[in-house]
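Enquirer: Sharing a structure, written as structure tokens. Questions coming.
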Number of protein chains: 4
Amino acid sequence: MNILFVGDVMGRAGRRALRKFLDKIVKKHEVDLIIANGENAAGGFGITEKTAEELYEYGIDVLTMGNHTWDNKDIFNFIEYNKRIIRPLNFPKNNPGRGWITINKNNKNITVVNLIGQVYMNTHDSPYHEFMELYPAIKDSDIIIVDFHAEASGEKMAFARAVDGMVTAVIGTHTHVQTNDAQIFPKGTAYITDVGLTGAVDSIIGMKVENMVEKMKTSLPVRYEVATGAVKINSVLLEVDEINRITENISIINKNNL
Amino acid sequence: MNILFVGDVMGRAGRRALRKFLDKIVKKHEVDLIIANGENAAGGFGITEKTAEELYEYGIDVLTMGNHTWDNKDIFNFIEYNKRIIRPLNFPKNNPGRGWITINKNNKNITVVNLIGQVYMNTHDSPYHEFMELYPAIKDSDIIIVDFHAEASGEKMAFARAVDGMVTAVIGTHTHVQTNDAQIFPKGTAYITDVGLTGAVDSIIGMKVENMVEKMKTSLPVRYEVATGAVKINSVLLEVDEINRITENISIINKNNL
Amino acid sequence: MNILFVGDVMGRAGRRALRKFLDKIVKKHEVDLIIANGENAAGGFGITEKTAEELYEYGIDVLTMGNHTWDNKDIFNFIEYNKRIIRPLNFPKNNPGRGWITINKNNKNITVVNLIGQVYMNTHDSPYHEFMELYPAIKDSDIIIVDFHAEASGEKMAFARAVDGMVTAVIGTHTHVQTNDAQIFPKGTAYITDVGLTGAVDSIIGMKVENMVEKMKTSLPVRYEVATGAVKINSVLLEVDEINRITENISIINKNNL
Amino acid sequence: MNILFVGDVMGRAGRRALRKFLDKIVKKHEVDLIIANGENAAGGFGITEKTAEELYEYGIDVLTMGNHTWDNKDIFNFIEYNKRIIRPLNFPKNNPGRGWITINKNNKNITVVNLIGQVYMNTHDSPYHEFMELYPAIKDSDIIIVDFHAEASGEKMAFARAVDGMVTAVIGTHTHVQTNDAQIFPKGTAYITDVGLTGAVDSIIGMKVENMVEKMKTSLPVRYEVATGAVKINSVLLEVDEINRITENISIINKNNL
Ligand SMILES: [Fe+2]
Ligand SMILES: [Fe+2]
Ligand SMILES: [Fe+2]
Ligand SMILES: [Fe+2]
Ligand SMILES: [Fe+2]
Ligand SMILES: [Fe+2]
Ligand SMILES: [Fe+2]
Ligand SMILES: [Fe+2]
């Protein structure tokens, strides 16, 4: 089974990138399932039901979130009944929504788990311990994909090595810059520190260059706007032999219309 | 002129990688000047005079540092008179050492500046404002290379866009994971968010996997040791037309002995 | 000369406390000059020209700010020409406003300096080094009062001990909780780690209890509102013998209408 | 019943303060039970079995810890079998030691719980949610005292208001500076944001002034040593009517030999 994991979709530019490139990627690489991080889908901050629906239309099966989960208040209106969007599992247990989902595709059970890091982020419970508490309930899935949404490279990699062999893949999100370390760890778990950004090419982490440069020069409050112009998609393709439970390959799939 | 910038050299494994790969890279790519980040050269924490000398022997011209600058106390014995090692410019002005150096190679003046970020790091003065204060003194150099040692992708990129056209290249260091975004910005400054790690392949940011995984599982104090085994070099090659002051290319040069 | 330093004035409740208590304190303690931290004066976040004018009417001579300086955009309209409001000196030099002021009262020159800490705050230049750079320009003032706006107790006290004997007083602000350590250091500088809060009594750091408790229980975004009800003023009185340049006393002056 | 809670005991100076003042306080105020924060008891960093035993000899019944729990490796030798020392409950569940203890005194069950904050600290699980999970097991105790070891005033106070009426007292520790806000909340829980420091008077948070000032001036690595000279004890006395389960009073008890 071929699974595509798409990096943080940044506002209108990111959604446009999906419209432009996703179909072609799906056809060319015979993609069976698409996961995307949607924490920035609505204007760069959070997600609305409307933008979520738009992303599903482009073919995305599961949306994951991160530190921007609650930025757009519309999420409180739909996260409870919309079964295809998950937020970090290690948010407080009384928060709306859920941290994992199991869907059936090609007669296989695929579980997607969303975790958020503790280093250089807001305060959260331990992603490792919450995951280990969940694990017995999901371990019989044919495929398990973790979106580990975090800042520090060491934390992402340490988690992935700690669960190496227990899950199909740990995909890092959040920095909006793709890393050059896609690999399969010794016990079979595929990994990349950060899958990157789906949004405007001429941007700083998806935002208008001028906003971010002004912030650098003044440290004054700046209104950040999602950048426009040419767009790109950053993603990774996971080729999984779900019969023998082997992840055969993780490869980078990037497109842009520069 | 061809300049090689080598990612954080991590302990004995990193030094071994340089011994194995540097000569071949220099020959194949006709490298004229080598800069390396040396903040982890001695056992992963700081640098000693002995390890600095070893790095010079392998052909490195200039060593830059970062948040680990003062980890090994030996640095206080040699940083003042060793002219080829620099530490972040935006450390306090009364700190030993200096934040930039101009060397002459092939009859050209090449200035290397070391800066450290403010986001998710210890407390430092503004790298942007310190750089702008320095700039009049270095702006007539034929080539200016900045090592921007920082955690946050947005901060590195915002600095680079703020000085686009003023310097030859801004090379990010510190995360020990190479990013997949080497590029030349609109006004000619070459850039990569993080050049990566020179050290052990089977490691977490250069450290032993078992140490980092234990930390993830227990949150207890852990003694980190530099990983061993197969090694890699992560670097970028800058091809500069120093006559017309144009950076023609930035490309990734990675080698390992897996 | 008797100087009153008033802790962070929190919204409408804080302004009401000033209206109620300030005149009586001034009469009883023969106060000659009043300084107040105004970073939360307008709805808890920043200050407007209107609220600043209201504070001047109550008798405040100088307003200092902190991390909330720019929260209310109205400040950009008046900070440049309003000479009695200062913002942290160690903000970037190109920021609007200024970090210190010298006013004349009773034929004496009184300088007030505003600094902001680096520990557990946003990123700022070193308050110590910026202060030392300023010092030659202000050192002949008869009285020098520093508002050191910071989170960490150790940072506030270390700064104060570093400048002990150079200034009349270092008054900590920001935590909104008064500390019980008002004292005069060996070389004569008066000090308190935090002067506290001027605002609602039944509050958490001036905000409605229910908002802060909800945040504790859910970690979800919460709209913070300034608390109402009975109010208090937290302040310290500095008794200065400005002829002999001796700070004779620092004492706590708190009032409430419970 | 009268309970004394003693602020962070800082090295040899702190232990000396206990030897000097504790007996007199116990006699004068008819203290029945003494709790002290011992995270800095051994040289300022952590605790050893020997220093713990010394503290018990001075009359301390229960020792609580904090972010320095594991600084001195000796703790791993005795925390499991020493029943009178507790470490933060919201450390990972697989850590040695335990987060609460119930002891019997005067035929009453007194439970002491140790929690650590999440704001401006290392990464920890939610103290609020961990406490609520524990609560059913301890709620029938006659008295419940919580040491909430945290940096941010707002976090301490928000926790205390969230559990107001459920526990006898929430006592803040960690900043090493006593706050001036000891009070009883509307539903009966006694509270102080920080009980303060038991250690050297002429110190910065218990450390030598010269070390902390040098750090402020240079930002270079500094070896911190516990300060010496005159000593003080910072503590609060809780007067509890355990029959009617009412906390009648919280008052500050400070002594020094200046
Ligand atoms: Fe994102
Ligand atoms: Fe994020
Ligand atoms: Fe490094
Ligand atoms: Fe670093
Ligand atoms: Fe404030
Ligand atoms: Fe503040
Ligand atoms: Fe402590
Ligand atoms: Fe502590």
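Enquirer: I need the inter-copy label distances for residue B:119: point set 7 Å along Cα to C-beta, values in nm with one decimal, smallest first.
Expert: When each copy's label point is compared with this one, the spacings are 1.7, 2.3, 2.5 nm.
Enquirer: Under 5 Å between amide hydrogens, which residues at least 5 positions from residue B:201 or on another chain qualify, with H placed 1.01 Å from N in the peptide plane?
Expert: For residue B:201, whose amide H was placed from the backbone, the distant partners under 5 Å are B:230, B:231, B:232.
Enquirer: With θ set to phi - 60°, apply the Karplus curve 6.51 cos²θ - 1.76 cosθ + 1.60 along region B:30-36 and write out the HN-Hα couplings as whole Hz, x wherever there is a Gly or Pro.
Expert: Couplings: 6, 6, 9, 8, 10, 10, 9 Hz.
Enquirer: Put a point 7 Å out from Cα along the line to Cβ at residue B:26; what are the distances to that point in the other copies, in nm, shortest first?
Expert: Nearest to farthest, the other copies are at 5.3, 7.2, 7.5 nm.
Enquirer: Scan chain A for the residue whose Cβ is closest to the axis carrying it onto chain D, then write down that distance in whole angstrom.
Expert: So the chain A residue sitting closest to the axis is A:125, 2.
Enquirer: Output the 0 to 90 degree angle, nearest 10, between the alpha-carbon long axis of helix B:153-162 and the longest principal axis computed from the alpha carbons of chain B.
Expert: The two axes meet at around 10 degrees.
Enquirer: To continue, here is another question. Helix D:209-218 versus the longest principal axis of chain D: what is the Cα-based angle in degrees, 0 to 90, to the nearest 10?
Expert: The two axes meet at around 70 degrees.
Enquirer: OK, next. Taking a quarter of the surface of the convex hull around the Cα atoms of the protein assembly as shown, what do you get in nm²?
Expert: 41.0
Enquirer: Between the alpha-carbon centers of region D:172-209 and region A:182-226, tell me the distance in whole angstrom.
Expert: 42
Enquirer: Could you state how much accessible area residue A:83 has, in square angstrom rounded to the nearest 10, with a 1.4 Å probe and all protein chains kept in place?
Expert: 120
Enquirer: Moving on. What is the P(r) of region D:52-145, as percent of Cα-Cα pairs per 5 Å bin from 0?
Expert: Values per bin, smallest distances first: 2, 13, 22, 25, 19, 13, 5, 1.
Enquirer: What percentage of the solvent-accessible surface of region C:155-242, computed with a 1.4 Å probe over protein heavy atoms, is contributed by carbon and sulfur atoms?
Expert: After summing per-atom areas, the C and S share lands at 47 percent.
Enquirer: Can I ask one more? PRE reach from residue C:228 (point 7 Å along Cα→Cβ): which of region C:191-216 fall under 20 Å by backbone N?
Expert: Output list for this probe position: C:198-214.
Enquirer: On to the next question. State which entries of A:73/D:156; A:217/B:156; D:27/D:255; B:93/C:139 exceed 18 angstrom in Cα-Cα distance in the structure shown.
Expert: Those over the limit are A:73/D:156; B:93/C:139.
Enquirer: Counting only protein chains, not ligands or nucleic acids, how are C:75, C:246 ordered by accessible area (probe 1.4 Å), most first?
Expert: C:246, C:75
Enquirer: I've got another one for you. Assume the label is 7 Å from Cα along Cα to beta carbon: what separations in nm does residue D:83 have to the matching positions in the other copies?
Expert: Relative to the other copies, residue D:83 has label-point distances of 5.2, 7.1, 7.2 nm.
Enquirer: In whole percent, what relative contact order does region B:2-256 give with Cα contacts below 8 Å and a gap of six or more residues?
Expert: Over region B:2-256, the number comes to 20 percent.
Enquirer: How large is the charge dipole for the protein assembly as shown, taken about the Cα centre, if only the Cβ atoms of Lys, Arg (+1) and Asp, Glu (-1) carry charge, to the nearest 20 debye?
Expert: 0
Enquirer: I need the phi-derived Karplus couplings for region D:82-91: 6.51 cos²θ - 1.76 cosθ + 1.60, θ = phi - 60°, integer Hz, Gly and Pro marked x.
Expert: The phi angles translate into 7, 7, 9, 10, 10, 10, x, 4, 8, 6 Hz.
Enquirer: Additional query: Bin all alpha-carbon pair distances of region D:209-258 at 10 Å intervals from 0 and give each bin's fraction as a whole percent.
Expert: Spelled out per bin, shortest first, that is 20, 24, 23, 18, 12, 3.
Enquirer: Between residue A:122 and residue C:202, how many nm apart are label points set 7 Å from Cα along the C-beta direction?
Expert: 2.9
Enquirer: Could you list the square roots of 5 times each eigenvalue of the Cα gyration tensor of chain B, that is, the equivalent ellipsoid semi-axes, sorted largest first and rounded to whole Å?
Expert: For chain B, the semi-axes come out at 27, 21, 18 Å.
Enquirer: Hey, got the Cα dimensions of region A:163-258 along the principal axes, in Å, largest first?
Expert: Extents along the principal axes: 54, 29, 17 Å.
Enquirer: Continuing with the same structure: Over the alpha-carbon set of region A:1-99, divide Rg by the Kirkwood Rh and report the Rg/Rh ratio to two decimals.
Expert: 0.97
Enquirer: Between residue D:220 and residue C:239, what FRET efficiency follows from the Cβ-Cβ distance if R0 is 30 Å, with the result rounded to 0.05?
Expert: Plugging the Cβ-Cβ distance into 1/(1 + (r/R0)^6) gives 0.20.
Enquirer: While we're on this one: Between helix D:11-29 and chain D, what is the angle of the helix's C-alpha long axis to the longest principal axis, kept within 0 to 90° and rounded to the nearest 10?
Expert: Between helix and principal axis, roughly 40 degrees.
Enquirer: Using only protein heavy atoms and a 1.4 Å probe, how much accessible area in total is buried between A and C, to the nearest 100 Å²?
Expert: 900
Enquirer: Put a dot 7 Å past each Cα toward the Cβ at residue A:106 and residue C:77; how far apart are the dots in nm?
Expert: Simple spin-label model gives 6.2 nm for this pair.
The values are calculated or read from the model by the stated rules, or taken from the named source; none is laboratory data. Remember, predicted model here, so these are calculated numbers, not experimental data. Note that we place each Cβ from the backbone using ideal geometry, even for glycine, and neighbour counts take in every protein chain shown. When the accessible area is computed, the model is the full protein with side chains, heavy atoms only, and any ligands, DNA or RNA have been set aside. Shrake-Rupley method; radii C 1.70, N 1.55, O 1.52, S 1.80 Å.
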